[in-house]
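Notes follow once the structure below has been shown.
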Amino acid sequence: MQAVILAAGEGKRMHPLTYTRPKAMLPLAAKPLLEHLIIELKEAGVNHFIIVTGYCSDKVRGYFGKGDAIGVQIDYVMQTSQSGTADALKAVDGLVEDKFLVVNGDVYIESKDVINILSKDDDTMGLVEIKNATEVGVVDVRKGKVKRIYEKVSNPPSNLVNCGVYLLTREIFDIIALTPRSCRGEYELTDSLQLMIDKGHALSYQMVTSWFDLSYPWDLLVANERMMPKIESSNRGIVEKNAIIRNPVVIGEGTVIRAGAYIVGPVIIGDNCDIGPNCFIRPCTTIGNDCHIGNAVEIKNSIIMDGTKIPHQNYIGDSVIGEDCNFGAGTKIANLRLDKNDITVAGIKTGRRKLGAIIGDRVETGINSSLNVGSMIGNDTFIGPGVVTGGTIKPDSQII
């Protein structure tokens, strides 16, 4: 079985994290989202992957190569300009067999649901039921078939949402050739599927239960919280005497957990990290490779990417921190409003009562700086000593 993964897009709603990487390469439980997806598809019987890349293509190709490390075959196709999902799928015409899977590269779905989709005989769309569908496109179904695919509407006719997983045949390429540009100026796969339905071709559906909605940066925290309880303890590093580890914790090769460190799992710590002494790492935290978490540092429910240094008397809570950041001594991130209300970021309701900062790559802070709840800090930004800041800060800024 072949799977086409559409991973060419930038994911602008994931800024500032996607200024330097495609959305599909954002980490969950210490692996890129795309890696989790490939593993689940492999468990469902897929052994040949064609990944459509575009934005930051080198990040995807450099990480996965030909797929040998995962035990699959991976080929790549380049979408030279991001002109929509139908245009991305068009790029694989001639490379796929008559029946193949198509999956958006920024979704998470478990193998059990993929197996159910693969068992279908007709062209099939995966659907998920959500409580509030006013902010997303919905699907109207009748007698086991999809009848209409809607964009965002104020009064959605159903709570069924397209989850970005399809079983298709080569017939779709003929339909794509007839698909006009959407109102956004792109060639949308959903428009192609609606055109297929209008021409009398059946489109079945399969309900999915394991789907993650990853639209905004704080959704990574929700997904991470759901995935972390599944981990099992392992230790390939060194744990010094008087370091305390509770619940499942993964410790990577070459990592040292120094005396006085107190770690409460589920926690994942990557390779070649220096942890402690006398730090507190709380549940649902993932720490990438080559990180330093030092003395009197507390980290709670956060994603820390590769190469980041948080070395002295820092507090990080409910945050996503990019690669190669460096926090000055005493830098603190607030994660709870004084009035305890849910946090809004750039006019968007996060639905979270606790949310710290979303920080891009290579951000540096001076000593005793403070970041307010819901801060969005662009990559390569410098925040000076003693500065109190918040809101949305563009990349390459200096706040002094």
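Only the coordinates and a few stated rules stand behind these numbers; no lab work does. For clarity, every value in this text was computed on a predicted model and none was experimentally measured. Glycine gets a Cβ as well: all are built from the backbone with ideal geometry, and neighbour counts include every protein chain shown.
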Worksheet item: Which value, in nm² and rounded to one decimal, describes the direction-averaged projected area of the C-alpha convex hull of the range 66-166?
Response: 8.4 nm²
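Could you work out the Kirkwood radius for the range 224-399, taking every pair of different alpha carbons, averaging 1/r and inverting it, reported in Å?
On the way: mean 1/r = 0.0623 Å⁻¹.
For the range 224-399, the Kirkwood estimate is 16.0 Å.
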Item to complete: Would you please calculate the Kirkwood hydrodynamic radius of the range 191-283 over all C-alpha pairs and express it in Å, rounded to one decimal?
Response: 16.3 Å
Fill in: Spatially proximal aspartates and glutamates relative to LYS23 (Cα-Cα < 16 Å; intrachain offsets below 8 disregarded)
GLU10, GLU35, ASP58, ASP106, ASP213, ASP219, GLU323, ASP361
Worksheet item: What is the local net charge at ILE117, summed over the other residues whose Cβ is closer than 14 Å to its Cβ (Lys, Arg +1; Asp, Glu -1)?
Response: -4
Discussion item. If I build a Gaussian network model for the chain, linking alpha-carbon pairs within less than 10 angstrom, which residue out of SER119, SER375, SER319 has the largest mean-square fluctuation?
Written reply: SER119
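Quick one: grab the alpha carbon gyration tensor of the range 2-215, order the square roots of its eigenvalues as a ≥ b ≥ c, and give me rounded if a/c is under 1.5, else prolate or oblate depending on whether a/b is larger than b/c. Intermediate results must be reported in sequence, preceding the final value.
Numbers: a/c = 1.37, a/b = 1.30, b/c = 1.05.
Cα axes put the range 2-215 in the rounded bin.
I need the peptides 341-350, 93-102 ranked by packing, meaning the mean over residues of other C-beta atoms within 10 angstrom, with the highest value on top.
Result, highest mean Cβ count within 10 Å first: 93-102, 341-350.
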Practice prompt. Under a cut-off of 16 Å between alpha-carbon atoms, report the aspartates and glutamates in cross-link reach of LYS199, not counting same-chain residues fewer than 8 places apart.
Written response: ASP122, ASP123, GLU171, ASP174, ASP191
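Using Cα pairs under 8 angstrom and six or more residues apart, how large is the relative contact order of the chain, in percent? List each step's numbers first, then the result.
Numbers: 1100 pairs, mean separation 43.5, N = 400.
RCO, the chain: 11 percent.
Holding the Cα-Cα limit at 18 Å, pick out from LYS90/LYS143; LYS66/LYS120; LYS42/LYS112; LYS31/LYS90; LYS120/LYS143 the pairs that are longer than that.
On the way: LYS90/LYS143 30 Å; LYS66/LYS120 29 Å; LYS42/LYS112 11 Å; LYS31/LYS90 29 Å; LYS120/LYS143 15 Å.
Violating the 18 Å limit, Cα to Cα: LYS90/LYS143; LYS66/LYS120; LYS31/LYS90.
Determine Rg/Rh for the range 118-187; Rg is computed over alpha-carbon atoms and Rh is the Kirkwood hydrodynamic estimate from the same atoms. The partial results should precede the final answer.
Values: Rg = 13.4 Å, Rh = 13.6 Å.
Rounded to two decimals, Rg/Rh equals 0.98.
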Worksheet, complete the sentence: Under Stokes-Einstein, the range 140-257 at 25 °C and 0.890 mPa s, with its Kirkwood radius over C-alpha pairs, diffuses with a coefficient in µm²/s of 131 µm²/s
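What number results when the radius of gyration of the chain, computed over Cα atoms, is divided by 2.2 N^0.38 Å? Please report the intermediate quantities before stating the final value.
Values: Rg = 22.1 Å, N = 400, 2.2 N^0.38 = 21.4 Å.
The value comes to 1.03.
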Response to the item:
In whole angstrom, the spacing between the Cα centers of the range 337-368 and the range 39-99 equals 34 Å
Response to the item:
Given pairs LYS230/LYS309; LYS131/LYS354; LYS59/LYS241 and cut-off 29 Å on Cα-Cα distance, the over-length ones are LYS59/LYS241
